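Participant: Got a structure for you, questions after.
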Amino acid sequence: AALPGPAPADWAQAPLDPAVRAVLVGFDEHFSYAKLCQALRYLMRGGPDCLLVGTNRDNRLPLEGGTAIPGTGCLVKAVETAAQREAFIIGKPNRYMFDCVVSEFNIDPARTIMVGDRLDTDILMGNSCGLTTLLTLTGVSTLDEVKGHQESNCPTRQSLVPDYYVDSIADLLPALGD
Amino acid sequence: GMAVCRRLSGAELREVLGPAQGLLFDCDGVLWAGERAVPGAPELVERLRRSGKAALFVSNNSRRSVAELERRFSRLGFRGVRGEHVFSSALCSALFLRQRLLGGGGNGGGRVFVLGSEGLRGEVRDAGLRLAGEAEPVPGVAEPVRAVLVGYDDQFTFAKLSRACGYLRDPQCLLVATDPDPWHPLSDGQRTPGTGSLTAAVETASGRKALVVGKPNTYMFDCIVERFGVDPSRTLMVGDRLETDILFGKNCGLSTILTLTGVSRLEEAQAYMASDSAAAKDLVPDYYVDTIADLIPGLDE
């Protein structure tokens with residue numbers, strides 16, 4: 001519904017849709033304080049009966065040339081902070097999406113490989129779900145980061161270390177038959 | 001000593017207020033709620049002045065300039081409150097940035113990118129700083145942005161968040177927040193998001209931690225001491241929010257009084273008192289009152 005008036009005091013009087021039972025935060029380049037306001041109102045009204053779900057926690061989306069734009073994680077954090085509660089996160093490194101795959105296809109984690117470019121999402125999820133993990137170096141994470149985690153004494157950082165790496169997924173071709 | 005959250009009244013009230021040289025008051029939820037003064041609050045402030053005690057005001061609300069706040073005090077019935085008595089997070093953030101960007105000579109200057117109200121932008125300008133996006137002093141010569149200031153910004157957008165992150169790629173660019181408040185109450189019991197939620201977005205995108213000017217951090221008390229030279233052992237802090245006002249008082253060495261006309265409930269203070277965590281103890285006020293009007297009997301006629 002359109003918001004009446006220019007200020008938060010007005011927005012807080014806009015009617016709420018009585019059917020809303022969840023607030024879902026995804027990537028939103030039109031995110032605004034007004035939307036944050038409405039999200040908070042639904043969460044306050046519903047309490048634990050209104051779900052707070054975030055698609056993922058990626059803090060940054062890299063662009064070509066080394067710049068980046070803010071990721072969904074920022075918007076999730078804004079809502080969580082205002083509402084003083086934690087969102088249920090669908091995306092990697094949480095395991096929900098893996099559970100979705102497993103429920104659709106009969107997967108044996110011991111015979112499945114997770115291939116990704118990001119240690120803190122792809123590799124962490126793979127390791128947490130008992131998959132073999134393979135880092136490809138065509139994306140975000142570097143071998144130096146891997147070494148740093150390997151050499152740390154921190155168990156949390158150890159779970160970011162992949163089982164294997166390749167320079168590019170094309171390097172997998174020679175292992176496959178004609 | 002350990003705070004015990006005792007109701008302040010009777011003889012003890014006179015013993016506590018008697019020797020006090022001054023009181024620091026939070027504003028929202030203490031002096032007023034929305035457009036209504038807390039009944040008896042203007043009289044308390046007047047009686048403090050007549051008793052020769054200082055009444056100073058320290059607010060995390062970064063929306064209004066000091067001049068706007070001065071008018072608000074007057075409009076809500078508080079007599080004799082001058083701008084110099086009012087320490088808002090908008091003013092103190094501007095003073096902080098002035099110190100960091102202009103103080104100490106050398107390569108000072110540079111612009112500030114402000115996410116916030118016109119009141120906040122005005123305080124930054126009044127401190128002698130220039131804002132990003134405003135007219136260049138010399139056409140074609142751009143000054144670098146040396147600080148991003150996050151305040152209460154009801155016009156916050158993804159585009160502004162992205163722009164802030166662009167500036168913060170320079171490690172020399174400061175990230176400053178006016179206050180940490182996650183939400184503020186509205187008069188009908190609803191809540192509106194606070195600066196803290198916007199700062200969380202900027203911190204997450206930039207990978208940086210903001211320097212937070214407002215309560216419970218102590219910078220605003222430093223501003224008060226610099227201007228008025230108050231003695232913490234003879235000054236009381238009065239507020240409605242345990243996590244900001246009472247912790248601020250504790251951090252600055254002030255005795256603290258919780259008033260129940262605002263955000264925090266007495267049960268929350270008691271829960272902190274019963275908690276095992278050392279951090280929780282710092283959120284327990286020394287005293288509480290139902291409203292600051294209850295302090296009036298502690299002053300001489």
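The values are calculated or read from the model by the stated rules, or taken from the named source; none is laboratory data. The model shown is predicted, which means the values in this text are computed figures rather than measured ones. Glycine gets a Cβ as well: all are built from the backbone with ideal geometry, and neighbour counts include every protein chain shown.
Participant: Please go through the range B:197-227 and pick out each residue that is under 19 Å from residue A:69 (Cβ atoms) and outside any helix (DSSP H, G or I).
Facilitator: The answer is B:207, B:208.
Participant: Search the range B:228-251 for residues that are without any contact (Cβ under 8 Å) to a residue 60 or more places away in the chain and pair each with any residue that is aromatic (Phe, Trp, Tyr) and assigned to a loop (DSSP other than H, G, I, E, B) when their beta-carbon atoms are under 9 Å apart and the residues are at least 6 apart or on different chains.
Facilitator: Filtered contacts from the range B:228-251: no entries.
Participant: Would you say residue B:123 is modelled with pLDDT of 95 or more, in the same structural domain as residue B:183 (by TED's automatic domain parsing) and not in a loop (DSSP other than H, G, I, E, B)?
Facilitator: Numbers: modelled with pLDDT of 95 or more: yes; in the same structural domain as residue B:183 (by TED's automatic domain parsing): yes; not in a loop (DSSP other than H, G, I, E, B): yes.
Yes, satisfied.
Participant: Tell me, please, whether a residue that is at pLDDT 95 or above and small (Gly, Ala, Ser) can be found in the range B:175-188.
Facilitator: yes
Participant: Applying the selection to the range B:62-88, what residues are out of contact with any helix residue (DSSP H, G or I) (no Cβ under 7 Å at 6 or more places or on another chain), within 14 Å of residue B:28 (Cα to Cα) and of a type outside the set (A, V, I, L, M)?
Facilitator: Of everything in the range B:62-88, those that are out of contact with any helix residue (DSSP H, G or I) (no Cβ under 7 Å at 6 or more places or on another chain), within 14 Å of residue B:28 (Cα to Cα) and of a type outside the set (A, V, I, L, M) turn out to be B:72, B:73.
Participant: May I ask you to say which residue of A:78, A:83 is within 23 Å of residue A:20 (Cβ to Cβ), in contact with a Ser or Thr (Cβ under 8 Å, 6 or more places away or on another chain) and in contact (Cβ under 8 Å) with a residue 24 or more places away in the chain?
Facilitator: When all the criteria are applied, what remains is A:78.
Participant: I'd like the residue in the range B:160-192 that is facing chain A (nearest Cβ under 8 Å) and not in a loop (DSSP other than H, G, I, E, B) and, out of all such residues, is nearest to the chain's Cα centre (by Cα).
Facilitator: Ranking the candidates gives B:183 first.
Participant: Can you tell me which residues in the range A:115-139 are small (Gly, Ala, Ser), surrounded by 20 or more Cβ atoms within 10 Å (Cβ to Cβ) and assigned to a helix (DSSP H, G or I)?
Facilitator: A:126, the sole residue that qualifies.
Participant: Of everything in the range B:228-242, what is part of a helix (DSSP H, G or I) and closer than 22 Å to residue B:33 by Cβ? Give them in sequence order.
Facilitator: B:242
Participant: Now a separate question. Could you please give the count of residues in the range B:29-39 that are at positive phi and surrounded by fewer than 15 Cβ atoms within 10 Å (Cβ to Cβ)? Can you show your working first?
Facilitator: Pass one, the range B:29-39, residues at positive phi: B:29, B:34.
Still in the list and also surrounded by fewer than 15 Cβ atoms within 10 Å (Cβ to Cβ): B:34.
Of the residues in that region, 1 qualify.
Participant: Taking residue B:54, is it in the same structural domain as residue B:32 (by TED's automatic domain parsing) and touching a residue at least 24 places away in the same chain (Cβ under 8 Å)? Please lay out each step first, then the result.
Facilitator: Working: in the same structural domain as residue B:32 (by TED's automatic domain parsing): yes; touching a residue at least 24 places away in the same chain (Cβ under 8 Å): yes.
Judged against the criteria, residue B:54 is a match.
Participant: Any residue in the range B:243-259 that is over 30 Å from residue B:36 (Cβ atoms), at pLDDT 95 or above and not hydrophobic (A, V, I, L, M, F, W, C)?
Facilitator: yes
Participant: Right, here's the next one. So for the range A:57-75 (the condition being within 21 Å of the chain's Cα centre (by Cα), at pLDDT below 95 and either among the basic types (Lys, Arg) or in the same structural domain as residue A:123 (by the TED database) (or both)), does at least one residue qualify?
Facilitator: Yes, the range A:57-75 contains a residue that is within 21 Å of the chain's Cα centre (by Cα), at pLDDT below 95 and either among the basic types (Lys, Arg) or in the same structural domain as residue A:123 (by the TED database) (or both).
Participant: Then there is this: For the range B:1-28, enumerate the residues that are surrounded by 12 or more Cβ atoms within 10 Å (Cβ to Cβ), small (Gly, Ala, Ser) and under 15 Å from residue B:249 (Cβ atoms).
Facilitator: B:3, B:20, B:22
Participant: In contact (Cβ under 8 Å) with a residue 12 or more places away in the chain, surrounded by 24 or more Cβ atoms within 10 Å (Cβ to Cβ), away from chain A (no Cβ under 11 Å) and in contact with a strand residue (DSSP E or B) (Cβ under 8 Å, 6 or more places away or on another chain): is that true of residue B:147 in this structure?
Facilitator: It is true that residue B:147 is in contact (Cβ under 8 Å) with a residue 12 or more places away in the chain, surrounded by 24 or more Cβ atoms within 10 Å (Cβ to Cβ), away from chain A (no Cβ under 11 Å) and in contact with a strand residue (DSSP E or B) (Cβ under 8 Å, 6 or more places away or on another chain).
Participant: Provide a single number: the residues in the range B:259-301 that are part of a loop (DSSP other than H, G, I, E, B) and without any contact (Cβ under 8 Å) to a residue 24 or more places away in the chain.
Facilitator: The qualifying residues number 5.
Participant: Okay, next question. Out of the residues in the range B:203-227 meeting the condition of being touching a strand residue (DSSP E or B) at 6+ places or on another chain (Cβ under 7 Å) and free of Cβ contacts under 8 Å to residues at least 60 places away in the same chain, tell me which one is farthest from the other protein chains (Cβ to nearest Cβ).
Facilitator: Once the filter is applied, the top-ranked residue is B:212.
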